[in-house]
1. Using the 7 Å Cα-to-Cβ label point, sort the distances from B:Arg57 to its equivalents in the other copies shortest first and give them in nm to one decimal.
2. Who wins for biggest fluctuation among A:Leu133, A:Leu103, A:Leu36 in a Gaussian network model of chain A, springs between alpha carbons below 10 Å?
3. At 7 angstrom along the Cα-to-beta-carbon line, where would the label on A:Asn71 sit relative to the other copies? Give the distances in nm, shortest first.
4. Expressed as cubic angstrom per residue, what is the convex hull volume of the alpha carbon set of chain A?
5. Output the 0 to 90 degree angle, nearest 10, between the alpha-carbon long axis of helix A:123-140 and the longest principal axis computed from the alpha carbons of chain A.
6. For A:Asp49, put the label point 7 Å out on the Cα→Cβ axis and report which residues of the range A:92-117 keep their amide N under 13 Å from it.
7. Report, to the nearest 10°, how far helix A:31-45 tilts away from the longest principal axis of the Cα atoms in chain A, using its own Cα long axis and a range of 0 to 90°.
8. To the nearest 20 debye, what is the magnitude of the charge dipole of the range B:5-140 about its Cα centre, counting +1 on the Cβ of each Lys and Arg and -1 on the Cβ of each Asp and Glu?
2 protein chains.
Amino acid sequence: MSEDLIFNIRLAYFALEKEKNIYFEKQNLTASQGDLLLYLGFAERQGKDVNQKDIERYFKLTNPTITGLLNRLEEKGFVERRKSPVDGRTNLIHLTDQTRKVLDQFKRHKDRIDQKLYRDFNDDERKQIIYLLKKLRANLNPDQPR
Amino acid sequence: MSEDLIFNIRLAYFALEKEKNIYFEKQNLTASQGDLLLYLGFAERQGKDVNQKDIERYFKLTNPTITGLLNRLEEKGFVERRKSPVDGRTNLIHLTDQTRKVLDQFKRHKDRIDQKLYRDFNDDERKQIIYLLKKLRANLNPDQPR
DNA sequence: CAATAATAGATAGCATGCTATGTATTGGAG
DNA sequence: CTCCAATACATAGCATGCTATCTATTATTG
């Protein structure tokens, strides 16, 4: 049973979420909220406006999930929703100054986890695992370009 | 960003859960409930008694999570909790006859997903992905024998 | 043997994910 | 220009996961 691929992916996923949570909880955030803020910071650095739909597409999550995440982030003062001046249906999502101040720390945290994960992986193995994960996913959804 | 390991594991995990759900929903079950029934069927075939603690350890989930899963499975008539005659603290978890009848179908479903997943994987790749996933997880938790 | 610690399970309350559905705005066809 | 479809977001309600805490039982220790 320990050789079961599906089970091993599940365990890897849960272990990773826990690892991320250890740090983010100290920041009054969850792992999902932290991931979202990192994405918003990345987009901002690129000068891109981001609405909720963009976030859904990027993370491959549904609109109620993103609405909920943003509600909690907004309550805690990490983001702001501002109605788009060009399309009344969309909210543009902005980081607050408070968030910008700590974003570099978040980024370093993510890098630290990556390093820990990859500790004893050689170059070949690093490429291989991502290649295999993508291949596996392609076998399930015969679409998606990513 | 598409080369991010953590993100790719997340996507693989979600894709797999969705794939499992497609089938199990037709059986009035969720993927997690189906996985649990398969485990119980496996244990029963081995002649092993299973209590809630055993399930927690196997799936690496917490006791409230398992309590909830079993509550819903019991309501739907898939399992029964019976107080252990030797230890008043533990519930032994039993499948119902209704469940035993469909368990082989569930097993075939799981095998079908495995085949789909592994479609274009050669022997080396099959071993490699599990090896790499375990190694990754060992880098996060420097314990666990599994 | 009595008192205490450890263990198994349940309950409350929360975040994250989902589907189904509602509302408001925009876009397009006639 | 009007109407209808499509799009963006919100809301309700559910399952799965969690931590913190409670109860009941068993095991241990003095």
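All of the numbers you see were taken from the coordinates with simple rules; none came from a lab. Just so it is clear, the structure is predicted and the values come from calculations on it, not from any experiment. Don't worry about glycine lacking a Cβ; one is built from the backbone with ideal geometry, like all the others, and counts go over all protein chains shown.
1. 4.9
2. A:Leu133
3. Those separations, rounded to one decimal, come out as 2.2 nm.
4. 156
5. In chain A, helix A:123-140 runs at an angle near 80 degrees to the longest axis.
6. A:92-94
7. That helix lies at roughly 60 degrees to the long axis.
8. 140
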